[in-house]
Amino acid sequence: MTKRPSPPRYHLAGLWQRGAPLTRRQLLRASAIGAAGLALPSCTSRAPALVDAGLPPPAPRPPAPPALPVDLASCRPIADVNAPAPSFLADDFSRPHEVLWKLDEHFANHGRPPPPREQVGLVIVGGGMSGLGLAWLLRDLQPMVLEQAPRFGGNSKGERWQGIEYSMGAAYFVDTDPDEELRRKFYTPLGLDKAWRLVGDDPVVTSDHLQYRFWEGSTDKMRARDFAKAKTWFIDVLRHHYPDIPWAPGGHLDEAALAALDSKSMKEELEEKLGTALHPHVATLCDHYAWSTFLCGWGEISAAAFLCSFVAEFDGVVVLPGGNAFAAERLLEQTAAAVPPTNLRPSTLVIRVAQAADGVDVTALGPDGAPYTVRAKACVMACPKFVAKKLLVDLPAAQRAAMERIKYRSYVVANALIEAPLNVDAYDVYLLGSAAPGADLQAESTRQGITDVVLGHWAKHGDPKYSVLTLYRPYPYEGARAALFDPASFARVKAELEAQLPGILSLFKLKPEQVRELRVARWGHPINLSLKGQIADGTWAAARAPIGDRVFFCEQDNWPAPCIETSFLCALETEKAVRTALSG
């Protein structure tokens, strides 16, 4: 790869590296974080270089036992509900915090990593949507996938109850034309386009009842013209000024225009373009969309990133049974059928990635806690950058600095299992409320709580006597991660959700006694923030730059576009780079 200058000395023409993903017109509202994406605090320390000075001699220990074939039934993205959940589902921070946050101490206590016991062509660190997507594309090369969680899928996980498959994380994505790259390379070969359901007109909630036809002014008929004007502007952006992220030549905007749009917040752009015609309900919808899609306010988010996602939804949203976990299941099944049975390794925590004379040494702790090292010809970090920077030995300083500038925030997703039918013609109900956007994100989001309610059974119903409501509660402000990490946070968060639940149930003519259980999933770092100005200043390009021809990055945080589409497009780009490197 051509050596690239360090930020902030990126010139505009060099912001997007060679082989950038193909242009895309759609984005998702939720992410597909790799399961290595854990709620680790931000860290500036270097990964341990393991030089001789100050380290004890290697501690005597028996060699780690060989890996066993994976039991697919126990690590699938969609799991059956067999018992009540007494604590948070999804992210479990205990093991990675104990090791990754104390790597210097770990190596001081246990000695140097063991020598390689296996040699493979490719190791992929992370079994979320990015890692699974890349492993599936490269399944002919028989990659090894190391995933720290017990189940693959990252935050594209789901559950099954009474025959209903519902999402506990990422839930939907945007429709594509049949000839588009994502449809041809992913959706059709995986059979997703035969299984999804197209979403229609979703309602908002104002004055405690459902309001359909929002863009026709149903929430304020006296100012219907202002809603129509806003929609006309959004559609014009989609058709004529669409900001492609990931960017590639041939889109509606050139590099300079995209960087200029990125330098403004969505609030600034919308108020500039619509002025006095901006209805408070439109402003609130955009602000809440920024919360639930990007975990930041409309005054923080890049206008380019916001519009890339928001206006794409005017072309149609599609939903799979179980949300995006359905796609993760297909990827896992087809990859498992093509690679050796020991190459898919859940409950395997990578603790060190270092370049060697003839490859890359990847050291991990297996399910039994025993360390072992794999020598690979190439390694792909399909995990968030805040994890990658802890694992990589001798990460270039400029690249580390770029990774440090990428921020992440938290999400809670709760599923109410309901012993009653629910016949509502909607998929995602937006709790708009009546207040205009405020300046204090923490206070506003605390007041709002849940931003939208998804009918979890909508894509494919099981037993018609049962229903599932999926509640999304974003935390679009700094400090929320630490509060969610507190062991006492489960009781507090669940109590807050339960306090808001009766009002939501009343919208659907349901009663609290019909709720069998409220199952709460915690996501520590599901979304990388798409803050304004970080495309133009080179942050994203520097953070994702390959290291030589051996270490590559393939994750949704390669770009300010946290979604399944970015994961797949980055997988397509990385596939080409890895094949080139291994063939060379």
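Read-outs: derived from the displayed coordinates by stated rules, not from any lab. This is a predicted model, so every value here is computed, not measured. Glycine also receives a Cβ, built like all others from the backbone with ideal geometry; neighbour counts cover every protein chain displayed.
Here is how the numbers come out for the structure above:
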| item | result |
| --- | --- |
| Convex hull per residue volume in Å³, alpha carbons only, for the range 57-160 | 152 Å³ |
| Furthest towards positive pole of dipole, ALA577, LEU505, PRO66, structure part the chain, Cβ charges | PRO66 |
| Helix 489-507 axis, angle to the chain major axis (alpha carbon atoms, nearest 10°) | 30 degrees |
| Radius of gyration and Dmax over the Cα atoms of the range 417-530, both given in Å | 15.2, 45 |
| Kirkwood hydrodynamic radius (C-alpha pairs) into Stokes-Einstein, the range 510-551, 4 °C and 1.567 mPa s, D in µm²/s | 86 µm²/s |
| Prolate/oblate/rounded call for the range 325-481, Cα gyration tensor, a/c under 1.5 rounded | oblate |
| Acute angle (nearest 10 degrees) that the helix 325-336 long axis makes with the longest principal axis of the chain, alpha-carbon atoms | 30 degrees |
| Listed candidates (1) 3, 14, 25, 27, 20, 9, 2, 0, 0; (2) 3, 15, 23, 23, 19, 12, 4, 1, 0; (3) 3, 18, 29, 27, 15, 5, 1, 0 - label of the one calculated as P(r) over Cα pairs in 10 Å bins from 0, in percent | (3) |
| Environment charge of LYS264, counting only residues whose C-beta is closer than 9 Å and scoring Lys/Arg +1, Asp/Glu -1 | -2 |
| Anisotropy class of the range 460-584 from Cα gyration tensor, a/c 1.5 cut | prolate |
| Principal axis dimensions, largest first and in whole angstrom, of the range 287-395 by Cα | 48, 36, 26 |
| FRET efficiency for ALA248 and THR188, using Cβ-Cβ distance with R0 set to 22 Å, rounded to 0.05 | 0.55 |
| Cα gyration tensor shape for the range 169-227, rounded if a/c is under 1.5, else prolate or oblate | prolate |
| Cut-off 13 Å between beta-carbons: net charge of the residues surrounding ASP71, Lys and Arg +1, Asp and Glu -1 | +3 |
| Sparse-neighbour loop sites [chymotrypsin sites (Phe, Trp or Tyr not before Pro); the range 128-215; at most 15 other C-beta within 10 Å; DSSP] | TYR212 |
| Inter-label distance for ASP179 and GLU513, nm, one decimal - labels placed 7 Å from Cα along Cα-to-Cβ | 6.0 nm |
| Positive minus negative residues near VAL453 (Lys, Arg vs Asp, Glu; Cβ under 13 Å) | -2 |
| Degrees between helix 224-240 axis and first principal axis of the chain (Cα, 0 to 90, nearest 10) | 30 degrees |
| Centroid-to-centroid separation of the range 513-569 and the range 239-279 [C-alpha atoms, Å] | 21 Å |
| ALA338/MET222 FRET efficiency (R0 51 Å; Cβ-Cβ; nearest 0.05) | 0.25 |
| Segment THR446-VAL424, extension gain: residue separation times 0.36 nm, minus the distance between their alpha carbons | 5.2 nm |
| Dipole magnitude of the chain, debye to nearest 20 (Cβ charges: Lys/Arg +1, Asp/Glu -1, about Cα centre) | 940 debye |
